[in-house]
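A short worksheet on the structure shown next.
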Ligand SMILES: Cc1cc2nc3c(=O)[nH]c(=O)nc-3n(C[C@H](O)[C@H](O)[C@H](O)COP(=O)(O)O)c2cc1C
């Protein structure tokens, strides 16, 4: 059933990209906050955007230091991610309290977080006000990735090396279950929903599942019979 939602729900429906922990540094003091609203903006030159509420300390830190870093955590850092989003860095050294280990950036001042899966260093290009938030446009100056997690695209081969995404409230998920797609059209240009190879593969999978069920059924019956025979032999 289709249900009318609040227009504010649009933000959560669009959430599941990787959640970023945005780090900043100004006058020797570092800060970090999770930012779920991130987007690629340009390929050449490479630019990305993060959407930050002007009240966040992160917003001031980016403006003052002219840069920021995007750290992309996996599921092992979910508690630290939620913690960094629970208080402002204005009067707290959140990074220290979180127990996270930092390492030196290559191009900007913002420190990078050990144990993340990828790191994107950005120089501030522009700030555009969008309703009650601001879009911070960053020129990407350096990118690093854990090679077990990323090789030209997210590998998603195991959970620990797959990016964390923010669903809403206290819920997170791990990005996974990749689907490799091929599309085919028929002579009239209409989409073919199941190609010949896909149908053959599906029929083969279904056949194997049926055979498995049949064997399990047979094995179940044999087990029952053995148990009954055993019962008869039991001497009280
Ligand atoms: C998972 C998660 C995602 C968040 N995404 C955003 C976001 O996209 N933009 C934003 O302004 N705040 C976002 N927040 C809220 C800030 O992270 C939070 O207010 C944080 O305490 C700000 O810290 P700061 O004041 O040190 O910058 C998010 C919080 C969480 C927990």
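The values are calculated or read from the model by the stated rules, or taken from the named source; none is laboratory data. Here the structure is a predicted model, which is why all the values come from computation and not from measurement. We place every Cβ from the backbone using ideal geometry, glycine too, and count neighbours over all the protein chains shown.
Among the residues of region 67-80, those identified as farther than 16 Å from residue 149 by Cβ and crowded, with 17+ Cβ neighbours inside 10 Å are 67, 68, 69, 80. Residue count for region 64-98 satisfying the condition of being more than 7 Å from the ligand (Cβ to nearest atom) and either touching a strand residue (DSSP E or B) at 6+ places or on another chain (Cβ under 7 Å) or closer than 21 Å to residue 116 by Cα (or both): 23.
One residue stands out in region 6-27 among those that are modelled with pLDDT of 95 or more and part of a loop (DSSP other than H, G, I, E, B): the one that is surrounded by the most Cβ atoms within 10 Å (Cβ to Cβ), namely 19.
Within region 112-137, the residues that satisfy the criterion of being within 16 Å of the ligand (Cβ to nearest atom) and farther than 14 Å from residue 20 by Cα are 124, 127, 128, 129, 130, 131, 132, 133, 134, 135, 137.
In region 99-109, the qualifying residues are those that are closer than 24 Å to residue 160 by Cα and buried (at least 18 other Cβ atoms within 10 Å of the Cβ), and the one that is nearest to the ligand (Cβ to nearest atom) is 100.
Counting only residues that are within 13 Å of the ligand (Cβ to nearest atom) and not in a strand (DSSP E or B), how many does region 43-63 have? Residues flagged as within 13 Å of the ligand (Cβ to nearest atom) and not in a strand (DSSP E or B) within region 43-63 amount to 11. The residue list 148, 160 contains one member that is assigned to a loop (DSSP other than H, G, I, E, B), within 33 Å of the chain's Cα centre (by Cα) and surrounded by 10 or more Cβ atoms within 10 Å (Cβ to Cβ), which is 148.
Assessment of region 90-100 against the conditions (at pLDDT 95 or above, within 16 Å of residue 52 (Cα to Cα) and touching a helix residue (DSSP H, G or I) at 6+ places or on another chain (Cβ under 7 Å)) yields at least one matching residue. Among the residues making up region 57-83, those that are in contact with a helix residue (DSSP H, G or I) (Cβ under 9 Å, 6 or more places away or on another chain) and farther than 17 Å from residue 163 by Cα are 68, 83.
Scanning region 28-42 for residues that are assigned to a loop (DSSP other than H, G, I, E, B) and either over 14 Å from the mean Cα position of the chain (by Cα) or more than 14 Å from residue 14 (Cα to Cα) (or both) returns a single hit, 28. The single condition among (1) in contact (Cβ under 8 Å) with a residue 40 or more places away in the chain; (2) surrounded by 14 or more Cβ atoms within 10 Å (Cβ to Cβ); (3) within 11 Å of the ligand (Cβ to nearest atom); (4) closer than 22 Å to residue 137 by Cβ that residue 38 does not meet is (1). Is it the case that residue 136 is in a strand (DSSP E or B), over 19 Å from residue 47 (Cβ atoms) and in contact with a helix residue (DSSP H, G or I) (Cβ under 9 Å, 6 or more places away or on another chain)? So residue 136 does not fit the description; no. For region 182-197, indicate whether the set of residues that are farther than 30 Å from residue 21 by Cα and part of a helix (DSSP H, G or I) is non-empty. Checking region 182-197: at least one residue is farther than 30 Å from residue 21 by Cα and part of a helix (DSSP H, G or I).
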